[in-house]
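> If you scroll down you'll find the structure; I have some questions about it.
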Ligand code: NAD
């Protein structure tokens, strides 16, 4: 059985106390790897290594060009090892291998994008009429702790690690305990690429009373960036407030997907399927609340159901599989299953799908669930879509905004004015019109309400991962 250790100070090491945890493949339900399980001592060692590398090492001082070259070298190596990286995520959380390969490509792109973006946006100048010249520097913030979830193990971790490194910080990453392998492989590749020791550290372990909470309590940390559940986000924000350090939180969602009578129906059905059944709905951005205008409701639900039933369901390691029903872990399966109880459905009817063998849930569509039903209100984080009928634009807007989450929303309409109107009125960090999941890494990403705090992406990441500094110089003393 392969062993994956912590990566601390450029070395792969076991936990100080020798503790390990099993890594289970949710499709086979068998242990496929052994992982070092870190505690406070391991977390503190990793932060100390990152601190030394930041205070004394070359990384923050080598300049943008050299960092850019190393980050691109890492992206090259990730692309060369794409099959191995993708298989690690597939075995760790059961996502179809074709989707895992897509995630690898996107993760390599995260490094390339932020390497280039940092170099191109490293300063701003402000010529002043008073005979002075002002400019801003974006100096690295220091030691960044990144804590990531299990649903996109590579993509969401690199979304944090890449900008943090590009801006000259050193990093300690704690991947989710269910999906520890792919980022360990990336940290090994960073050593191979020539990253100095201590620049990218990876510590494994659990959250509460384990490596996770020890990292957030360490006073030598300068930034915490977290993606995960809203409840965990509140705990982490409280930990950050004790040292008064900035925290960025990307949290849960319960996206509304609104389809109007005038929508291109084929396009709307395609994206409605993608938005809830991709990655078996284990997506913070999932369009799990589907609102369909009454004129097309029956036709839409009919087409939606037949598209859901036409998906190739199978072994996530098989490239022909479109939907892997095995959820990421037994614990998660139990949670998703509970939303299919009659009490959670509140009178809603399951027209297709339901629980399958092992830890699996088939593509599931629920109709007629009232808006106060648990399955409609809460983030299910599984392949369960609830379809609801609406009559007017005002009604759709009110339904969409009636949630404590505000990560994203989707609107399907051919009416340009309505598209802009709703984009302005929807309470969400991202609104997709006639599409879903498309990202430009320069754009802000984050949520409102219980979906998060702060934004990352492009210059938004720059603000978070740096200490912007103003420098004002006298140029012309006569003025
Ligand atoms: P989680 O909050 O249980 O765990 C996320 C990470 O935090 C893990 O690495 C975990 O070990 C760690 N952790 C847990 N408790 C901690 C503590 N007290 N101190 C420090 N670290 C701690 O979330 P999850 O179940 O892994 O992920 C699923 C959740 O993430 C869903 O709610 C989903 O909506 C959300 N999510 C949000 C986004 C986004 O961009 N907004 C993206 C993906 C997932």
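Throughout, read-outs are computed from the coordinates displayed, never taken from laboratory work. Quick caveat, the model's predicted, so the values are computed rather than measured. All Cβ positions, even for glycine, are placed from backbone atoms using ideal geometry, and neighbour counts span all protein chains on display.
> Using square roots of five times the C-alpha gyration tensor eigenvalues, list the equivalent-ellipsoid semi-axes of the stretch 387-479 in whole Å, biggest first. Working shown, then result.
Numbers: eigenvalues 296, 49, 32 Å².
Equivalent ellipsoid of the stretch 387-479: 38, 16, 13 Å, largest first.
> Within the stretch 256-433, what percent of beta bridges assigned by DSSP are antiparallel, to the nearest 5?
Once the DSSP bridges in the stretch 256-433 are tallied, antiparallel ones form about 20 percent.
> Could you tell me what fraction of 2.2 N^0.38 Å the Cα radius of gyration of the stretch 1-123 comes to, as a two-decimal ratio?
For the stretch 1-123, the normalised Cα radius of gyration comes out at 1.27.
> Would you kindly calculate the mean projected area, averaged across all directions, of the convex hull enclosing the Cα atoms of the stretch 256-433, in square nanometres?
9.6 nm²
> Please report the antiparallel percentage of DSSP beta bridges with both residues in the chain, rounded to the nearest 5. Could you put the intermediate results ahead of the total?
Working: 35 of 76 bridges.
Taking every DSSP beta bridge within the chain, about 45 percent pair in antiparallel fashion.
> How big is D for the stretch 221-283, in µm² s⁻¹ as a whole number, if Stokes-Einstein is applied with the Kirkwood radius of its Cα pairs at 10 °C and 1.306 mPa s?
Using the Kirkwood radius from Cα pairs, D works out to 110 µm²/s.
> Between residue 421 and residue 124, what is the label-point separation in nm under the 7 Å Cα-to-beta-carbon projection?
3.5 nm
> What distance in nm separates the simple spin-label points at residue 374 and residue 242, each placed 7 Å from Cα in the Cβ direction?
3.3 nm
> Over what distance in Å are the Cα centres of the stretch 150-204 and the stretch 335-369 separated?
If we compute the Cα centre of each part, the gap is 36 Å.
> Follow-up question, since we're still on this one. Where does each of 84-94, 390-400 land if you order them by average Cβ count within 10 Å, highest first?
Highest-to-lowest ranking by the protection proxy: 84-94, 390-400.
> Using alpha-carbon positions, what is the distance between the centroids of the stretch 1-41 and the stretch 274-288, in Å?
When both Cα centres are located, 29 Å separates them.
> Something else: Just to be sure I follow: if Rg is taken over the C-alpha atoms of the stretch 27-96 and Rh is the Kirkwood radius over the same atoms, what is Rg/Rh?
Over the Cα atoms of the stretch 27-96, Rg/Rh equals 1.11.
> Next up: Mind checking the full-extension length gain between residue 116 and residue 311? Use 0.36 nm per residue of separation minus the Cα-Cα distance, one decimal, nm.
66.4 nm
> Calculate, for residue 1 and residue 331, the FRET efficiency according to 1/(1 + (r/R0)^6) with r their C-beta to C-beta distance and R0 22 Å; round to the nearest 0.05.
0.50
> Same structure again: Any idea what diffusion coefficient the stretch 60-111 gets from Stokes-Einstein, in µm²/s, Kirkwood Rh on alpha carbon pairs, 4 °C, 1.567 mPa s?
110 µm²/s
> Summing -39500 (n - 2.57) over the DSSP H runs of n ≥ 4 in the chain and dividing by its residue number, what mean residue ellipticity at 222 nm do you reach, to the nearest 500 deg cm²/dmol? Before the final figure, lay out each step's value.
Working: 16 runs with 187 residues, N = 479.
The helix contribution divided over the chain gives -12000 deg cm²/dmol.
> Per residue and in cubic angstrom, what volume does the convex hull of the Cα atoms of the stretch 153-232 have?
So the per-residue Cα hull volume is 99 Å³.
> How big is the convex hull of the Cα atoms of the chain, per residue, in Å³?
Hull volume over Cα atoms, normalised by residue count, gives 148 Å³.
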